[in-house]
Number of protein chains: 2
Amino acid sequence: MTAQLTREPLTRSVEDYLKAIYRLEGAGQPASTSDIAELLELSPPSVSGMIRRLSEQGLLEHVPYRGVLLTAGGRRVAIRMVRRHRLIEAYLVGFLGYTWDTVHDEAERLEHAVSDVLIERMALALGNPRFDPHGDPIPDRDGAIDELVYTPLAEIPAGETAEIRRVDTSQPERLRYLEHSGLTPGIRVTVTQHQPFRGPLTIVAGGHEQVIGRELAEQLLCVRPDAK
Amino acid sequence: MTAQLTREPLTRSVEDYLKAIYRLEGAGQPASTSDIAELLELSPPSVSGMIRRLSEQGLLEHVPYRGVLLTAGGRRVAIRMVRRHRLIEAYLVGFLGYTWDTVHDEAERLEHAVSDVLIERMALALGNPRFDPHGDPIPDRDGAIDELVYTPLAEIPAGETAEIRRVDTSQPERLRYLEHSGLTPGIRVTVTQHQPFRGPLTIVAGGHEQVIGRELAEQLLCVRPDAK
DNA sequence: CAAAAAACTTAGGCCAAACTAAATTAGCGC
DNA sequence: GCGCTAATTTAGTTTGGCCTAAGTTTTTTG
């Protein structure tokens, strides 16, 4: 509850920590020190140290040895970074010839450098999009974000058809592969077969059959047009 | 001559120092500690410290108590930052609705964050412009820059006409005033009178007469269509 | 040309943010 | 419920980049 009324500018590092914690919190659980460390590629002691500082600033709630949760203030900052990141990705793809596999790193640096004015100008130029090129929802200016619940392609039963809506990876190689395979948001896919023991799926997309690994299929988030 | 072969990434601070020194060197003289300190709004001891580090890295040549000069390597970095800054300004004005009085600060932050790829994409979108919105020349990819010699409006004799080509300030208030007065690059101005003792000038621009302070007139860089 | 002023550097300190090594706590198997 | 392991925190160090105070060197000026 230690309010952080003195609006000191947050550092790049702080913004990255808060964004990482926001992402890890998604699962409902508090974010653990080691998960944060792994995501940010830092040592656990470095994370412990930062957690102490951020708690003191009232940006997160820390239960020692248990993990951290964002406070309202911390969440506000995190969502602001998510909005920035996704809008920048959308802008780079929409106006500067970037492809979805190359935008992540660029956005990762720019999100810390752009002003609020520039972000809103980009949003305007794009027509206030609700999703980025990977199908990730873009929070609005007030931080509202509709996290739709999708079904991973891996869980679509054989015989059913689903539409890819979101791709949950930022690895360039995977994204290039998916693009090349025609598995991008908006595409309809029919699952024809599941191999057992978490094996690959056989699917039909764009009129032709292909086989896709289970792990990748878990990152393809879909809606089933008929279900619900 | 201490080559900096190990291409460690340069920090934001280092990039700012090199750019500042490049600008100060423009006058032919070495850049002094205090001039650098003033330009970057830092204390002189901080600058002394950084000068030592940058000299050790081979980015500049330091003669104690005399000043610093960029090495070829230092100049390369500085010009790269200038190219980035000016292209970003041009892009923001050209594509995102910025005006020439608001672009400086935004570019100042972005120039450290954008990749070479993004810069070249912006340059392409703009058609590889040679000048930014203030008329400052944009170095090309190889660092070549044509620093044209202009005559300040303040030095144009009464009765003569000149064309504004470049505006040498980044202060938003001054830029807004100039815009409002119709004194922007490309505009022809006739000087009708000089007040003595470094006083104001009377000029005609866009068909109407106005008075402009000496100091501002020194920042309006012109060519005389007839002279030379 | 000597003394005062200005400019510059050195000395020493601070803070953010990272690290390694060592100590502590939590969770689990038996 | 004891003790092992894994997770976490504490302790202590490093680096970059800034600061103030104090000492040097250069420049200016009476």
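Rule-based calculations on the coordinates, nothing more; no lab input. For clarity, every value in this text was computed on a predicted model and none was experimentally measured. We place every Cβ from the backbone using ideal geometry, glycine too, and count neighbours over all the protein chains shown.
Couple of notes before you dig in:
- Average beta carbon contacts from partner chains per residue of A:91-98, 10 Å cutoff: 3
- Note on A:Ser32 and B:Gln210: the model spin-label points, each 7 Å out from Cα along the C-beta direction, lie 6.7 nm apart.
- Distances between copies at B:Val211, taken between label points 7 Å from Cα along the C-beta direction, are 8.7 nm in increasing order.
- Where chain A is carried onto chain B by rotation, the Cβ closest to that axis, with its residue and distance in Å, is A:Ala113, 2.
- Shortest first, B:Thr99 label-point distances to identical copies amount to 4.1 nm, with the label point at 7 Å from Cα along Cα→Cβ.
- Counting other Cβ atoms within 10 Å as a rough exposure proxy, the listed residues A:Tyr17, B:Tyr177 run B:Tyr177, A:Tyr17 from fewest neighbours to most.
- Figure legend: label point modelled 7 angstrom from the Cα of A:Arg109 along Cα→Cβ; residues of the range B:14-49 with amide N under 20 Å from it are B:14-20.
- Global geometry of the range A:66-155, whether rounded, prolate or oblate, following the gyration tensor of its Cα atoms and the 1.5 cut on a/c: oblate
- With the Kirkwood sum run over all distinct C-alpha pairs, the protein assembly as shown has a hydrodynamic radius of 26.0 Å.
- Over chain A, DSSP H runs of length four or greater, each weighted -39,500 (n - 2.57), average out per residue to a 222 nm ellipticity of -12500 deg cm²/dmol.
- Amide H partners (placed H, <5 Å) of B:Tyr98, local residues excluded: B:Val93
- Projecting label points 7 angstrom from Cα along Cα→Cβ for A:Val149 and B:Glu163 puts them 6.7 nm apart.
- Dividing the radius of gyration of the alpha carbons in chain A by their Kirkwood radius gives 1.01 for Rg/Rh.
- With the label put 7 angstrom out from Cα along the Cα-to-Cβ vector, B:Glu120 ends up 3.5 nm from the copy partners, going from closest to farthest.
- For the range A:37-84 and the range A:168-221, distance of Cα centres in Å: 34
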